[in-house]
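A.B. asks: Handing you a structure now.
Derivation of every value follows stated rules applied to the coordinates shown; laboratory data play no part. Computed from a predicted structure; not experimentally measured. When we count neighbours, we look across all protein chains shown, and the Cβ atoms used for this are built from the backbone with ideal geometry, even at glycine.
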Amino acid sequence: QVQLVESGGGLVQAGGSLRLSCAASGRTFSSYAMGWFRQAPGKERGFVATISSSGGSAYYASSVRGRFTISRDNAKNTVYLQMNSLKPEDTAVYYCAASSSRISVRRGDYDSWGQGTQVTVSS
């Protein structure tokens, strides 16, 4: 497994931008597909975006497609989530996760999780 630490969350006005980072340590980062999930109060943790181990493929939830971009730098053992045109409904705790098996939109396919970073979007 890998250890994951998210950063970059905060308070932003609607229409603004934030970039989340997730630093990984432990086993070979470049062999893992990576994902971002989020959990709002009273809701289940849901899929946001995922990227393949090489960075060649990425998928997004329909609610964020066109506004969010997932990327990774395997030399720095880091995955990013660039969030633009933020909306109040994007408010949540954002988690990064690592999958040793495959790129996936399912929580159950991810082996390791970070502690989460809070994103709050004010209207």
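A.B. asks: For residue 107 paired with residue 85, estimate the spin-label separation in nm (one decimal), with each label point 7 Å from Cα along the Cα-to-Cβ line.
C.D. replies: Result: 2.8 nm between the two label points.
A.B. asks: Additional query: Just how far, in whole angstrom, is region 9-41 from region 88-117 if you go by their alpha carbon centroids?
C.D. replies: 8
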